[in-house]
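What follows is a set of notes on a single structure, which appears directly below.
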There are 2 protein chains.
Amino acid sequence: MLTNTDKRMAPVKRETFSNQIATNLRRAIISGEIEGGTQITESDLARHFGVSRGPLREAMGQLASEGLIVTIPYTGTRVLKLSPRDIREIHSMRTALETLAFKEIWDHRDAAFARELEARHKVLLATLEMNDHVASSEAEVNLHSLVYEACGHRLLLESWQRIAGRLQLYLAIHQRAHGRRGPIKDAHERYMQLALGDSLELMLAEVEDHMRRGISQLESYLDGLDG
Amino acid sequence: MLTNTDKRMAPVKRETFSNQIATNLRRAIISGEIEGGTQITESDLARHFGVSRGPLREAMGQLASEGLIVTIPYTGTRVLKLSPRDIREIHSMRTALETLAFKEIWDHRDAAFARELEARHKVLLATLEMNDHVASSEAEVNLHSLVYEACGHRLLLESWQRIAGRLQLYLAIHQRAHGRRGPIKDAHERYMQLALGDSLELMLAEVEDHMRRGISQLESYLDGLDG
DNA sequence: AAATGATCGATTGTCAACAATCTTGCCAGC
DNA sequence: GCTGGCAAGATTGTTGACAATCGATCATTT
């Protein structure tokens, strides 16, 4: 009997044009290839991707539902330009979600979880070393994604994925602006240790702290701008 | 200078076909007019609404992103059939979100908030009196929506709205199956009192309790089915 | 009889043309 | 100089036809 645990035996994924385009466009936005606030038009993108406006529209609908782009009827579409308020909201939202995720997974953590966490941590460290902001923002989100993937809460995972794009966008911008990789590295050492440790309470405190640090960092950045 | 606080001065809403259809379809699903698991086809619905498949497809895309329907490429689309697992997930997710919402709003509650809360509570009581399951599930969701609308956290509101449909669907089914309106009424008396009270701690405890009661109710229902 | 392969209807995916709407810039009139 | 309206261009919204894929049914073969 064939079991489904081997990923090579997983059911094939139908990749419709819309999905492929959505994936590519998402990458382009998150990586900063298309700057925030830029206007994008369906016809141009359709030409660029070599498809008609139909599937492209659908892809844009997806990204719009993720908040990565904003469409005004009959007028135009622009890629998200993150405001300080957006960033504060992303931080607090993420804290609430990650708190739930750790509560859910805490008593179900196993060896595979620890192994995968270490693996993703290594990737993050490597990308930090190379100073590749896009790659390391992706690695950071990927590291944090694990707890959502592993906790077995589909709705929670879905909610996380809906804000993960915006978070990654922020991380990439932030690192590019004043990319001090030391704090990121330290923060994730702590994260790893606590996530594999014995105290849920300490882990949740770290999650909250992580948010507070992020917001205070944002605030001092804003003060430096116009203060 | 004109401020934007007056709702009559808010920018007009463009209601495109897709949006109207999405709204109507959502209602039809949530109200149970279309049963869970039913297959729906784009052509049929397009004929029914008197539009072409394009806008209808877009509306279905929206509902799919809300989890109310599930589409398999080239194969078909079915409306969501809630599983016990879905319901457990909705409950825990909702608890996490509502906890954040009350933390955010607690020190900013004002007279208008209290007034609106009372108003929506009255509507809920009225619908319960009339034994209209669809209307009262809508009223219940509407009552709980206020804290999300008023807390000024756009991302949180967005996340709430994404699960509110599924929650309402569950509430309507649940009430129709064994509609005891007494407990609902009592629970919301408590909710009102605490939401307008002085202790955030007590309010959050109530939110958690509300979830626990919901899940244990679900569990005893399941036991009664196959036990 | 069981397994394999072909056929057909149903359903979603894609396309290119057309319609509706918004924004911008210009011009006349005051 | 300012206001109002009008026209042009750009952009999204909508349509109907065609293509690709799937699931079930039925014939074929071993």
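The values are calculated or read from the model by the stated rules, or taken from the named source; none is laboratory data. Worth saying up front: this structure is predicted, and the values here are computed from it rather than measured. As a convention, Cβ positions derive from the backbone with ideal geometry for all residues, glycine included, and neighbour counts pool all protein chains shown. Only protein heavy atoms, including side chains, enter the accessible area calculation; ligands, DNA and RNA are left aside. Shrake-Rupley method; radii C 1.70, N 1.55, O 1.52, S 1.80 Å.
Below, the figures for the structure above:
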quantity: Residue check for B:Ala96: assigned by TED's automatic domain parsing to the domain that holds B:Ile215 and away from DNA strand D (no atom under 16 Å from the Cβ); calculated: yes
quantity: Test for A:Val147: is it under 21 Å from A:Leu200 (Cα atoms) and among the hydrophobic types (A, V, I, L, M, F, W, C); calculated: yes
quantity: Matching residues, the range B:88-99, being buried (at least 20 other Cβ atoms within 10 Å of the Cβ) and in contact with a Leu (Cβ under 6 Å, 6 or more places away or on another chain); calculated: B:Glu89, B:Ile90, B:Met93, B:Ala96
quantity: Candidate set: the range A:67-89, residues that are in contact (Cβ under 8 Å) with a residue 40 or more places away in the chain and assigned to a loop (DSSP other than H, G, I, E, B); chosen: the one farthest from the other protein chains (Cβ to nearest Cβ); calculated: A:Lys81
quantity: Sole exception among (1) more than 12 Å from every other protein chain (Cβ to nearest Cβ); (2) surrounded by fewer than 17 Cβ atoms within 10 Å (Cβ to Cβ) for A:Ala46, by number; calculated: (2)
quantity: Candidates A:Gly197, A:Gly165 - the one that is assigned by TED's automatic domain parsing to the domain that holds A:Arg115 and outside any helix (DSSP H, G or I); calculated: A:Gly197
quantity: Answer from B:Leu155, B:Leu202, B:Leu171 - the residue that is buried (at least 20 other Cβ atoms within 10 Å of the Cβ), free of Cβ contacts under 8 Å to residues at least 40 places away in the same chain and either away from chain A (no Cβ under 14 Å) or closer than 23 Å to B:Ile34 by Cβ (or both); calculated: B:Leu171
quantity: Counted residues, the range A:106-152 - those being in a loop (DSSP other than H, G, I, E, B) and free of Cβ contacts under 8 Å to residues at least 60 places away in the same chain; calculated: 5
quantity: Number of the exception - A:Glu149 against (1) within 14 Å of chain B (Cβ to nearest Cβ); (2) open to solvent by 50 Å² or more (accessible area, probe 1.4 Å); (3) closer than 28 Å to B:His153 by Cβ; calculated: (1)
